[in-house]
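The values are calculated or read from the model by the stated rules, or taken from the named source; none is laboratory data. Please read these numbers as outputs of a predicted model, since none were measured by experiment. As a convention, Cβ positions derive from the backbone with ideal geometry for all residues, glycine included, and neighbour counts pool all protein chains shown.
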Amino acid sequence: MTRFRSASFPLAPSIGVALSLLLAGCSTDTRTSAQFLASTTVAAPGLVKLEAKSISESRVVVDVLIHGPEPDLDLNAFVFGIQIGDPDLVRFVPQASYLQTALAADADQSIDIDVDGTSDPSLVAIVVQKRGSASGNGFASESAIVIELTFEAQGDGTTSLAFVGLGENPPTAFDSSRAPIAAVRFDAEKSGVSVVTTENGY
């Protein structure tokens, strides 16, 4: 942008007003656009995978899906983390409540969801489990939502999102006896988010 210096002679009033209006209207907009990069792992019954639900400029809503149909499973809990490769580029956005459809509560059960993405900005720790009587459930649909998560992109670049375990345990689905379910596998391939920031001056 050209900077105008005061000349040694006075500007005509009309020219000075016009320049003031022109400079006041000159500004720069910054826009951040995100893109979800899905893993290439082919969906199959029992696979837990990250998939994009929606993208609105810098905000990315991701579903953790378990693929089916798996009507004979005895699902009772999911315990896992999502590692953010660069937490300065993509940050987790906590929500007041979280959507899930994978666990179906009986009359004497409730669903407890515990999400911690602030203690360590590079890790979203997730526990989704049934409380009450010891019984699990399967599902007959092509997929079910383990949990829905929101991320906010900032800056430029690409970062990974990957399933990890909590503590010394791998990411795991548990049955009603609290035994790991071997038929449920978490995607070993990383997904990611690509972020581009553009400036539009006018």
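For every residue, the table says whether it meets (1) touching a Cys at 6+ places or on another chain (Cβ under 8 Å); (2) under 16 Å from Ile145 (Cα atoms); (3) of a type in the set (Lys, Arg); (4) part of a strand (DSSP E or B).
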{"residue": "Pro71", "(1), (2), (3), (4)": "no, yes, no, yes"}
{"residue": "Phe78", "(1), (2), (3), (4)": "no, yes, no, yes"}
{"residue": "Asp88", "(1), (2), (3), (4)": "no, no, no, no"}
{"residue": "Arg91", "(1), (2), (3), (4)": "no, no, yes, yes"}
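Of all the listed residues (Ala34, Ala43), the sole one being assigned to a strand (DSSP E or B) and of a type in the set (Gly, Ala, Ser) is Ala34. Within the stretch 29-46, the set of residues being at pLDDT 95 or above and not aliphatic (A, V, I, L, M) comprises Gln35, Phe36, Ser39, Thr40, Thr41, Pro45, Gly46. Being surrounded by fewer than 17 Cβ atoms within 10 Å (Cβ to Cβ), touching a strand residue (DSSP E or B) at 6+ places or on another chain (Cβ under 7 Å), modelled with pLDDT of 95 or more and among the small types (Gly, Ala, Ser) is a property that does not hold for Ala77. Evaluate the stretch 46-65: report whether one residue or more is touching a Phe, Trp or Tyr at 6+ places or on another chain (Cβ under 8 Å), over 25 Å from Gln35 (Cβ atoms) and of a type outside the set (Asp, Glu). No, every residue in the stretch 46-65 fails to be touching a Phe, Trp or Tyr at 6+ places or on another chain (Cβ under 8 Å), over 25 Å from Gln35 (Cβ atoms) and of a type outside the set (Asp, Glu). Out of everything in the stretch 171-197 that is without any contact (Cβ under 8 Å) to a residue 24 or more places away in the chain and in a loop (DSSP other than H, G, I, E, B), what residue ends up being nearest to Ala134 (Cα to Cα)? Ranking the qualifying residues of the stretch 171-197, first place goes to Ala179.
A count restricted to the stretch 148-202 and to residues that are over 28 Å from Ser58 (Cα atoms), out of contact with any Ser or Thr (no Cβ under 7 Å at 6 or more places or on another chain) and polar (S, T, N, Q) stands at 3.
Which one is farthest from Val64 (Cα to Cα) among residues in the stretch 130-146 that are in a strand (DSSP E or B) and of a type in the set (A, V, I, L, M, F, W, C)? Talk me through it step by step, then tell me what you get.
Step one: list which residues in the stretch 130-146 are in a strand (DSSP E or B), which gives 130-132, 137-139, 143-146.
Then drop every residue that is not of a type in the set (A, V, I, L, M, F, W, C), which leaves 139, 144-146.
Working: Phe139: 15, Ala144: 9, Ile145: 6, Val146: 5 Å.
Only one residue tops the list, namely Phe139.
If you filter the stretch 24-74 down to residues that are within 23 Å of Ala188 (Cβ to Cβ) and acidic (Asp, Glu), you find that the one that is surrounded by the most Cβ atoms within 10 Å (Cβ to Cβ) is Glu70. Within the stretch 81-106, if we keep just the residues that are surrounded by 16 or more Cβ atoms within 10 Å (Cβ to Cβ) and hydroxyl-bearing (Ser, Thr, Tyr), the residue that is nearest to Val48 (Cα to Cα) turns out to be Thr101.
Of all residues in the stretch 117-134, count the ones that are small (Gly, Ala, Ser) and either surrounded by 21 or more Cβ atoms within 10 Å (Cβ to Cβ) or in contact (Cβ under 8 Å) with a residue 60 or more places away in the chain (or both). Let's see the steps before the verdict.
Taking the stretch 117-134 first, the residues small (Gly, Ala, Ser) are 117, 119, 122, 125, 132-134.
Keeping just the survivors that are either surrounded by 21 or more Cβ atoms within 10 Å (Cβ to Cβ) or in contact (Cβ under 8 Å) with a residue 60 or more places away in the chain (or both) gives 117.
Qualifying residue count for the region: 1.
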